[in-house]
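What follows is a single structure, written as structure tokens, with notes after it.
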Amino acid sequence: MDHVPGRLATLVPENSIRFLGHPTHSHPEPHLVYVSAGSARLEIDGEQVVLGPQESVWLAPDVPHAARYAPGSLVLGPLLSPTTIPPERVHRLGVRPSITTVMTALLGAAPSTAAEVSVFREALDNVLTTLGGPYFALPSPTHPVAATVAREIGLSTEPLDEIAARHGVSTRHLQRLFVAETGIGLHQWRVRSRLNVAIDRLRHGATITRAAHAAGYSTGSGLRKALHREAGVDVDAVRHAG
């Protein structure tokens, strides 16, 4: 009986890849690897990635990857639309309820025609596009000085008045530029830029301390306060959003 699952997994050869894994290959399209049950051990771009139940990783086009699945696992690897590109070559998503919802529907519906497949691909594209973007949408200023400052202030701990002076402008002038070109004040733009970094780290499993330090906060409690004040949410809500 111990060999029954293995025999069943190979009963339909074209689908055995979902149960057993595959050697190194790549796809010209972006690609999602989603663990419906069990666990998967992948080698992606030469690095080891381990996924548990309902975890997924989003791959850019032409990223080489190989996979081995634990006995009893079921792993899906839908191809995505060419424009559904992750923010990095290998984008770990962890457990995202919105992805699980689409993938569970995909398993149940078992689309077979091109038209049916396209409906689920579009749904997955929409979910991933939302997840791939930053928590706060931040328009970038176009004024040369403001644009340069915007690239600096997200992770810098330097006071805003010192940054402004270093670029030969006043803080008040920078404030006017940011409000006019982004609709957001200089200080709030900086806070949201930092929180985008912290939220991205939290979504990918970082501790609150590590997320805080990555975003320029000295303590986890400082990050918690900023997150609650600016977004009205706590760390757990951020980790499980989506």
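The values are calculated or read from the model by the stated rules, or taken from the named source; none is laboratory data. Remember, it's a predicted structure, so these values are computed and weren't measured experimentally. Cβ atoms come from the backbone with ideal geometry, glycine included; neighbour counts cover every protein chain shown. The protein model used for the area step is the full one, side chains on, heavy atoms only, and it has no ligands, DNA or RNA in it. Shrake-Rupley method; radii C 1.70, N 1.55, O 1.52, S 1.80 Å.
Could you grab me the full set of residues in region 89-104 that are open to solvent by 50 Å² or more (accessible area, probe 1.4 Å) and either at pLDDT 90 or above or out of contact with any strand residue (DSSP E or B) (no Cβ under 9 Å at 6 or more places or on another chain) (or both)? Within region 89-104, P97, T101, T104 meet the criteria.
When V191, V235, V197 are checked against the criterion of being closer than 28 Å to V95 by Cβ, touching a residue at least 40 places away in the same chain (Cβ under 8 Å), open to solvent by less than 70 Å² (accessible area, probe 1.4 Å) and β-branched (V, I, T), a single residue qualifies: V197. Among residues of region 201-221 that are in contact (Cβ under 8 Å) with a residue 60 or more places away in the chain and farther than 12 Å from V238 by Cα, those with a beta-carbon under 8 Å from a residue that is assigned to a helix (DSSP H, G or I) and open to solvent by less than 20 Å² (accessible area, probe 1.4 Å) at least six positions away or on a different chain give the pairs A215/L195; A215/A198; A215/L223. Would you be able to say whether some residue in region 105-113 is part of a loop (DSSP other than H, G, I, E, B) and surrounded by 12 or more Cβ atoms within 10 Å (Cβ to Cβ)? Checked against the condition, which is being part of a loop (DSSP other than H, G, I, E, B) and surrounded by 12 or more Cβ atoms within 10 Å (Cβ to Cβ), region 105-113 yields at least one hit. Kindly list, by first and then second residue, each pair from a residue in region 148-162 that is in contact (Cβ under 8 Å) with a residue 60 or more places away in the chain and surrounded by 13 or more Cβ atoms within 10 Å (Cβ to Cβ) to a residue that is among the charged types (D, E, K, R) and not in a loop (DSSP other than H, G, I, E, B), limited to pairs with Cβ atoms under 7 Å and residues at least 6 apart or on different chains. That search, which allows pairs on different chains as well, returns G154/R190; G154/R194. Taking region 126-153 as the range and being under 10 Å from the mean Cα position of the chain (by Cα) and either farther than 26 Å from G232 by Cα or in a helix (DSSP H, G or I) (or both) as the test, the residues that pass are L128, T129, T130, L131, G132.
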